[in-house]
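In what follows, a single structure is set out as structure tokens and then discussed.
The values are calculated or read from the model by the stated rules, or taken from the named source; none is laboratory data. Bear in mind that the values here come from a model prediction, so they are computed numbers and not experimental data. Cβ placement follows ideal geometry from the backbone for every residue including glycine, while neighbour counts extend to all protein chains displayed.
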Amino acid sequence: MSQYQIAVVVGSLRRDSFNRKLAEAVVKLAPPELSFHQTRIDDLPLYNQDDDRNQPDCVKRLKNEIKAADGLLFATPEYNRSIPGVLKNAIDHASRPYGQSAWAGKPAGVIGASVGILGTALAQQHLRNILSCLDVPTLGQPEVYIHIKDGFFDEAGNIGADTRQFLQKWMDRYAAWIRRHAA
């Protein structure tokens, strides 16, 4: 039985998202004590502080999923050298109203994949800055900036041996991070 529940937040809505595939691939490398659930962010309205006192059901659902989690896994693409608006929107919703953040204290890992040569380095740095402000202890090393090339994923969504070995090392560190920081 799983001991730690992990909420997976994928910052892409694209049906064939590289980051969703990356998240699914890295989850396969996790020890059995970690259980993963992908949170839904595609149904959230744009954040509006006027709605803080009467949040829609989809926002309440997201906040409850985050609150119920022992840890977080973010998989983000890079849009214009930052995080996608949909991811920022989800983060803002679950952090509000002020003083009632669902994110606070949840240990996190950040990964990302992109066709760009820099992977998602800049987006991840922006995300780490946001998470720091929200009191989310985030695994620092190793960093996972995956440069996607043709054939990176096979038909079944699997990744090559070299990348799998690198991601296994990351997952081992991430699992230790969760064990150390989960409430």
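The set of residues in segment 1-23 that are in contact (Cβ under 8 Å) with a residue 12 or more places away in the chain, surrounded by fewer than 19 Cβ atoms within 10 Å (Cβ to Cβ) and farther than 17 Å from A123 by Cβ comprises S2, Q3, Y4, Q5.
Close Cβ contacts (under 8 Å, 6 or more residues apart or on different chains) running from residues in segment 113-139 that are touching a residue at least 24 places away in the same chain (Cβ under 8 Å) to residues that are surrounded by fewer than 16 Cβ atoms within 10 Å (Cβ to Cβ) and of a type in the set (A, V, I, L, M, F, W, C) comprise L134/A104; D135/A104; V136/A104.
The numbered conditions (1) at pLDDT 95 or above; (2) out of contact with any strand residue (DSSP E or B) (no Cβ under 9 Å at 6 or more places or on another chain) are all true for I111 except (2).
Scanning segment 137-171 for residues that are farther than 15 Å from A75 by Cβ, in contact with a Pro (Cβ under 8 Å, 6 or more places away or on another chain) and either not in a helix (DSSP H, G or I) or not basic (K, R) (or both) yields a total of 2. Just wondering, is there one or more residues in segment 121-132 that are of a type outside the set (V, I, T) and part of a loop (DSSP other than H, G, I, E, B)? No, that holds for no residue. Taking segment 41-87 as the region of interest, how many residues are assigned to a loop (DSSP other than H, G, I, E, B), surrounded by fewer than 21 Cβ atoms within 10 Å (Cβ to Cβ) and in contact (Cβ under 8 Å) with a residue 24 or more places away in the chain? Residues flagged as assigned to a loop (DSSP other than H, G, I, E, B), surrounded by fewer than 21 Cβ atoms within 10 Å (Cβ to Cβ) and in contact (Cβ under 8 Å) with a residue 24 or more places away in the chain within segment 41-87 amount to 7. Taken residue by residue, segment 68-87 has at least one member that is charged (D, E, K, R) and under 13 Å from V10 (Cα atoms).
Residue-level analysis places F153 among those that are touching a residue at least 40 places away in the same chain (Cβ under 8 Å) and either more than 28 Å from K67 (Cα to Cα) or in contact with a strand residue (DSSP E or B) (Cβ under 6 Å, 6 or more places away or on another chain) (or both).
Restricting attention to segment 24-35 and to residues that are closer than 16 Å to T76 by Cβ and of a type outside the set (D, E, K, R), the residue that is surrounded by the most Cβ atoms within 10 Å (Cβ to Cβ) turns out to be V26.
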